[in-house]
1. Looking at the stretch 15-45 only, could you name the residues that are assigned to a loop (DSSP other than H, G, I, E, B) and of a type in the set (Gly, Ala, Ser)?
2. So in the stretch 112-153, with the set limited to residues that are within 24 Å of ASP98 (Cβ to Cβ) and at pLDDT 95 or above, which one is surrounded by the most Cβ atoms within 10 Å (Cβ to Cβ)?
3. Please count how many residues of the stretch 45-57 are surrounded by 15 or more Cβ atoms within 10 Å (Cβ to Cβ) and either touching a strand residue (DSSP E or B) at 6+ places or on another chain (Cβ under 9 Å) or modelled with pLDDT of 95 or more (or both).
4. Can you run down the residue pairs with Cβ atoms below 7 Å, 6 or more apart or on separate chains, where the first is in the stretch 207-223 and of a type in the set (Lys, Arg) and the partner is buried (at least 21 other Cβ atoms within 10 Å of the Cβ) and outside any helix (DSSP H, G or I)?
5. Inspect all residues belonging to the stretch 74-84 and state whether any of them is on the phi < 0 side of the Ramachandran plot and within 14 Å of the chain's Cα centre (by Cα).
6. Closer than 24 Å to LEU113 by Cα, surrounded by fewer than 21 Cβ atoms within 10 Å (Cβ to Cβ) and in contact with a helix residue (DSSP H, G or I) (Cβ under 8 Å, 6 or more places away or on another chain): which single residue out of ASN94, ASN87, ASN65 fits that description?
7. Determine if the stretch 165-172 includes at least one residue that is buried (at least 18 other Cβ atoms within 10 Å of the Cβ), modelled with pLDDT of 95 or more and touching a helix residue (DSSP H, G or I) at 6+ places or on another chain (Cβ under 8 Å).
Amino acid sequence: MNIIITGASRGIGYETAKRFAAIGDNNIIVIARNEPKLNELKNECTHENTKTQLFPIVFDLENSNSYKDDLVVEIKKYISTIDIVINNAGLLINKPFDKLTDSDIDRMIQLNLTSPVKLIKSLFPLMNRPAHIVNISSMGGFQGSQKFQGLAVYSAAKAGLASLTECLAEEYKNTGLVFNCLAIGSTDTEMLREAFPGYQATFKTAEMADFIVDFAINKSKFFNGKIIPVSISNP
């Protein structure tokens with residue numbers, strides 16, 4: 001399979017790439033800004049399974065003007081078709097709403113919503129039929145779930161990603177493209193620890209990565225356009 005994972009330099013994205021690498025002769029494109037961490041990931045995956053090909057691409061997803069001209073051109077150096085996309089990259093800034101700067105707001109909307117929109121659109125010509133696009137949202141953006149102070153814009157952007165998933169699934173339901181969204185609960189990532197120092201998360205990153213990989217590979221025939229909460233607690 002040909003797989004793309006964003007936000008792969010740490011946390012869930014890093015572990016998800018490792019899980020895909022361990023299970024077969026996959027071609028995995030990993031995208032993030034941190035080149036040393038991507039190279040570390042490549043070394044780990046190659047050591048784990050020599051049949052897997054992992055291709056790091058250093059790209060800033062906040063750069064909204066160069067997806068087609070730069071990122072897609074780079075992707076096509078390694079693969080010509082795509083079977084799975086994991087839109088995992090995101091940004092959480094924990095601040096009271098009235099203390100958020102314009103930059104804080106723009107960055108969270110860009111990385112949590114605008115970036116997946118533009119990436120999916122840019123990758124359309126490369127997507128196989130079938131292909132499974134898995135958007136990683138949050139329980140903070142899951143309608144009816146408990147909400148928390150300091151996460152208004154983050155949660156709103158993640159809710160937008162969930163709605164995008166539903167809309168694209170309906171629009172392309174007869175094309176072989178499948179769109180689903182995982183609203184994950186608290187997972188022990190660097191991003192969560194930075195936003196909530198001392199908070200004890202429910203899941204380890206490796207556990208969540210196992211779920212995501214299994215879902216991406218095996219569940220597209222059971223779900224399309226679904227927002228699935230992956231949580232036993234709030235958040």
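The values are calculated or read from the model by the stated rules, or taken from the named source; none is laboratory data. What you are looking at is a predicted structure, and each value in this text was computed from that prediction instead of being measured. Quick reminder, even Gly has a Cβ in these numbers, built from the backbone with ideal geometry, and neighbours come from all protein chains shown.
1. Restricting attention to the stretch 15-45, the residues satisfying the condition of being assigned to a loop (DSSP other than H, G, I, E, B) are 23-26, 33-34.
Of everything in the stretch 15-45, just one residue is assigned to a loop (DSSP other than H, G, I, E, B) and of a type in the set (Gly, Ala, Ser), namely GLY24.
2. Restricting to residues being within 24 Å of ASP98 (Cβ to Cβ) and at pLDDT 95 or above, the top hit is ASN112.
3. 7
4. Qualifying pairs under 7 Å: none.
5. Initially, the stretch 74-84 is screened for residues on the phi < 0 side of the Ramachandran plot, giving 74-84.
If we keep only those that are within 14 Å of the chain's Cα centre (by Cα) as well, we get 84.
Checking the stretch 74-84: at least one residue is on the phi < 0 side of the Ramachandran plot and within 14 Å of the chain's Cα centre (by Cα).
6. On the way: ASN87 fails: surrounded by fewer than 21 Cβ atoms within 10 Å (Cβ to Cβ); ASN65 fails: in contact with a helix residue (DSSP H, G or I) (Cβ under 8 Å, 6 or more places away or on another chain).
From the options ASN94, ASN87, ASN65, the qualifying one is ASN94.
7. Just the residues of the stretch 165-172 that are buried (at least 18 other Cβ atoms within 10 Å of the Cβ), to begin with: 165, 168-169, 172.
Of the ones still in play, those that are also modelled with pLDDT of 95 or more are 165, 168-169, 172.
Now restrict to residues that are touching a helix residue (DSSP H, G or I) at 6+ places or on another chain (Cβ under 8 Å): 168.
Yes, that holds for at least one residue.
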